[in-house]
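Asker: Let me give you the structure first, and then I'll get to my questions.
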Amino acid sequence: MKKNKFLLLTFSLMVLAFMSCSESKPAAEPMEEPMEEVKAPDMAAIKTTIQEIENKFATATTNKDVDAVVAFYSDDAVSMSDDEPMVVGKEAIKKDIEEGMAKRKGDKITTFEVMGVYGSEDQVTETGKTIVKDKDGKVVYTGKYMAIWEKRNGEYLCIADISNADAPEKK
């Protein structure tokens, strides 16, 4: 009986020794994906870009160039002027701009000043003010607006705008 216990103990120790000597592989750890660093958009540069667009928009407005103004809008844009029905789609916006420009009296110079931009590289919400002067530089009326710009095919297009102006033509 002592012999059996001795054999059992010897066998157990050999198994333990064998197990501890054999290579054990560590449990597989979940593979971590390298985290891509998310860079905050350069809102100052975006503001400069949007201001450049607004300068071209203002020139087109001053020149009553409907096609140039409409080119800043996406096909699915929405325009919402104060005290007016919502205008949906580029063709409807074009018609609305044509009607508005036909009502403009005299030579007026329009400027847009970007006050702030918010969002991301691909979609920007802009707040700004409109200043319209007569040919002598006297302020005829002012307004405020908000526009949403979306980058499509590398360029910003207006997908929505909301504007309010104390234009004499609207009274």
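The values are calculated or read from the model by the stated rules, or taken from the named source; none is laboratory data. Keep in mind it's a predicted model, so treat the numbers as computed, not measured. In this analysis, Cβ positions are derived from the backbone assuming ideal geometry, glycine residues included, and neighbour counts consider all displayed protein chains.
Asker: Those residues that are touching a Ser or Thr at 6+ places or on another chain (Cβ under 7 Å) and either of a type in the set (A, V, I, L, M) or in contact (Cβ under 8 Å) with a residue 60 or more places away in the chain (or both), I need them from region 39-82; list them, please. Talk me through it step by step, then tell me what you get.
Answerer: At the first step, the residues of region 39-82 found to be touching a Ser or Thr at 6+ places or on another chain (Cβ under 7 Å) are 41, 58, 61-62, 69, 81-82.
Once the filter is applied, which keeps residues that are touching a Ser or Thr at 6+ places or on another chain (Cβ under 7 Å) and either of a type in the set (A, V, I, L, M) or in contact (Cβ under 8 Å) with a residue 60 or more places away in the chain (or both), region 39-82 yields P41, A58, V69, S81, D82.
Asker: I'd like to check something: does region 62-73 contain any residue that is under 23 Å from S163 (Cα atoms), modelled with pLDDT of 85 or more and acidic (D, E)? Outline the logic, then answer.
Answerer: Going residue by residue through region 62-73, those that are under 23 Å from S163 (Cα atoms) are 62-73.
After this cut, where a residue has to be modelled with pLDDT of 85 or more as well, the list is 62-73.
If we keep only those that are acidic (D, E) as well, we get 65, 67.
Yes, region 62-73 contains at least one residue that is under 23 Å from S163 (Cα atoms), modelled with pLDDT of 85 or more and acidic (D, E).
Asker: Is there any pair with a first residue in region 137-162 that is surrounded by 14 or more Cβ atoms within 10 Å (Cβ to Cβ) and a second that is assigned to a loop (DSSP other than H, G, I, E, B) and among the small types (G, A, S) whose Cβ atoms are under 7 Å apart and which are 6 or more apart or on different chains, and what are they?
Answerer: Close Cβ pairs (under 7 Å, with a partner that is assigned to a loop (DSSP other than H, G, I, E, B) and among the small types (G, A, S)) amount to Y141/A167.
Asker: Next question. Return the residues of region 80-113 that are of a type in the set (A, V, I, L, M), assigned to a strand (DSSP E or B) and closer than 16 Å to S163 by Cα; say none if nothing qualifies. Explain how you work it out, then say what you get.
Answerer: From region 80-113, those of a type in the set (A, V, I, L, M) are 80, 86-88, 92-93, 97, 101-102, 109; that's our starting set.
From the residues that got through so far, the ones that are assigned to a strand (DSSP E or B) too are 80, 87-88, 109.
If the condition is that a residue be of a type in the set (A, V, I, L, M), assigned to a strand (DSSP E or B) and closer than 16 Å to S163 by Cα, then M80, V87, V88 are the ones that fit.
Asker: Now for a separate question. Only one residue in A147, A77 is within 18 Å of T59 (Cβ to Cβ) and assigned to a strand (DSSP E or B). Which one?
Answerer: Result: A147 is the single residue among A147, A77 that is within 18 Å of T59 (Cβ to Cβ) and assigned to a strand (DSSP E or B).
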